[in-house]
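Enquirer: Would you mind keeping the following structure in view while I ask a few things?
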Amino acid sequence: MKLQNLAIIFIVIILPISIVLTSYVSANMETIEMQLSYDMKLKEATYEAIQAFQLNTVKSATSTLADSKIRDIQASVNAFFYAVESKFSMYGYNKASLQDHIPALVYTLYDGYYIYAPFENAEKAPAEGAKAGIKYEEGTIYDLKPYVYYSCRYKKGNIDVVITYSLDSYVTISGKYNGKTIELSGYLLTNLEEKPDGIYYRGNKIEAEQNLKETVIFKGKATELPYRKINGVKYYVDTDNNSIYRLASNGVLEETSLVPGVKETAETTMQDKINYITNNTNAQEYYKQALNLKKAITETYSGLADLTIGDAVDESGNQKIFNGSQDIYKDYQVADPNIKIFAELTGSPGATHSIEDSDSDFNTHRISVIKYCIEKNLAVAISNFHSKATTSTSFEMPKLRDEEWDRLTGNIGIISFLQGLNIGSKIYNGYAVINNSQNEEFVSENSIYIETKDESDNYEYHRVEGLKLQDTANNHLQITGAHFNIDYMVKTMGFIDTDENTGEEMLRTQYYYPRKALACYHCLVEQKEVDDRTKKEILGENNTLAKVYYTALGRERYGQYRVENAF
């Protein structure tokens, strides 16, 4: 073939194909770059939302109460949309246009979750509402949907109960047992023992703590006061004047004579209330409550101990199918439906797990229930969003990876979705999962730090796995206690001051640290000098460390807000 003919073939056939392929590859590269950029911006906006939630809950004295929690979440939602608008403005999007591409935001909390999504409000304002000046918005509304608990229903013989799970081993059991209504709640713990001299957990005697103190802004100054956390609220004692204070809604300490947990009688004195605060028995009550729940399940209502995963039923009371092609729950349950939910509670001989262990059968099932509850309602929310969407974009529920579920079921988190944006040769459908390890909502096993002081009275706090804690003698350290991680974060508190010029009273705000210890550089900053073993293994070999840690974990968990703990 002549060279001229080859040149003609190249120009007519090969060159156009080469140009098309180059254009195609270039377009796909741009699409990939845009997708990565969108993924990063969505993740950053979600991170800003979780940061806003963290800051609001840590600084608020009432963040665990329902109304305050909703307020904090709504503020976090606003932070998310402001962040999204800011980060995507360079692509020509604003908040209004982006809202049509965000089918849902999910806030996974301690025992349930909120979904922020659009819904139709068809109700008209009642006459009495109109008279009172109440505004009822009609049409499509973007707001939080009702709170959904991590719950599952079980039926077996004369037992018909709903078990509500949480991010740890805390459960609430309510329903019918042999025709009678039962209401049980508490933490599921295996290695508990009650002796004449007190209660023991994993061989460690749990004792009351005397004059547990932290720093607050009291009368305009940083002052260390004895305190006790009761149902989510801290109560402080002014020992000089025999008075009690708590944080008011404006963030200022206010004097109070009401202390939950102290029964008011004609003989009750202020000193009785002060003694209740300074003699902190939260840890003991935590383990006693767990022991009582254990006895209720295994003795008083022993039929509950025989409940299996196969006894789970749907909303209509129909048994869930676990075998065959119709097994719609196979992604949420372990293979054997005969596994008893509470089998590991008793710690029978030969048992390899305690019920509270992360790899126990109970926790496997707990996580399955949480995943099912979230995915089921989230899929409905996204489907409804798709049916009402003004665009032709297909909005779909993505499948979260196992490691993302591990993060969501191990701490407070947010799932954000952004779908239907044109990024060149494809449509962007992305999501982000961000969790938060520092919040008032949840006391995880990782959120308890061990505090020490050296020979020069310098205080540090460490992870349980920190190697310096394995040899405190040679490191010249004394273990002084253990505390919740957020107590080492900077906080704000208000106080009433008098203006020098006008003489008027005014509210001022001051920053402070509840605890004066500094973070251990090795185990918390560098995160290098840490033990590779599990906490259970480390604490099993160090009684001093174990006693301090288990006491703090019980104290902080029992002090959290629980509806059933309200006095």
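The values are calculated or read from the model by the stated rules, or taken from the named source; none is laboratory data. Predicted model, so just to flag it, every value in this text is computed and none were measured. Virtual Cβ from ideal backbone geometry, glycine too; neighbours counted across all protein chains shown.
Enquirer: Across region 439-462, which residue is nearest to Thr108 (Cα to Cα) among those that are buried (at least 18 other Cβ atoms within 10 Å of the Cβ), of a type in the set (Asp, Glu) and out of contact with any helix residue (DSSP H, G or I) (no Cβ under 7 Å at 6 or more places or on another chain)?
Expert: Ranking the qualifying residues of region 439-462, first place goes to Glu451.
Enquirer: Another one. So which residues in region 528-543 are farther than 16 Å from Ser358 by Cβ and in contact with a helix residue (DSSP H, G or I) (Cβ under 8 Å, 6 or more places away or on another chain), if there are any at all?
Expert: Those that are farther than 16 Å from Ser358 by Cβ and in contact with a helix residue (DSSP H, G or I) (Cβ under 8 Å, 6 or more places away or on another chain): Lys528, Glu529, Val530, Asp531, Asn542.
Enquirer: Name the one entry in Asp487, Asp499 that is surrounded by 14 or more Cβ atoms within 10 Å (Cβ to Cβ) and among the acidic types (Asp, Glu).
Expert: Going through Asp487, Asp499 in turn, just one is surrounded by 14 or more Cβ atoms within 10 Å (Cβ to Cβ) and among the acidic types (Asp, Glu): Asp487.
Enquirer: Here's a follow-up. Would region 188-195 turn up any residue that is surrounded by 21 or more Cβ atoms within 10 Å (Cβ to Cβ), in contact (Cβ under 8 Å) with a residue 12 or more places away in the chain and under 30 Å from Asp238 (Cα atoms)?
Expert: Within region 188-195 (the criterion being surrounded by 21 or more Cβ atoms within 10 Å (Cβ to Cβ), in contact (Cβ under 8 Å) with a residue 12 or more places away in the chain and under 30 Å from Asp238 (Cα atoms)), the answer is no, since none of the residues qualifies.
Enquirer: Any idea which residue in region 233-249 is farthest from Asp487 (Cα to Cα), counting only those that are within 25 Å of the chain's Cα centre (by Cα) and not hydroxyl-bearing (Ser, Thr, Tyr)?
Expert: Of everything passing the filter in region 233-249, Ala248 is farthest from Asp487 (Cα to Cα).
Enquirer: Could you say which residue among His522, His476 is in a helix (DSSP H, G or I) and over 24 Å from Gly554 (Cα atoms)?
Expert: After ruling out the rest, the residue left standing is His522.
Enquirer: Tell me which of these Thr509 doesn't satisfy, since it passes every other one: (1) among the hydroxyl-bearing types (Ser, Thr, Tyr); (2) part of a strand (DSSP E or B); (3) at pLDDT 90 or above.
Expert: So Thr509 meets the others, but not (3).
Enquirer: So which residues in region 153-202 are farther than 29 Å from Thr409 by Cα and outside any strand (DSSP E or B), if there are any at all?
Expert: Within region 153-202, Gly157, Asn158, Asn178, Gly179, Pro196, Asp197 meet the criteria.
Enquirer: Condition check: at pLDDT 85 or above, of a type outside the set (D, E, K, R) and in contact with a helix residue (DSSP H, G or I) (Cβ under 8 Å, 6 or more places away or on another chain). Does Asn436 satisfy that?
Expert: yes
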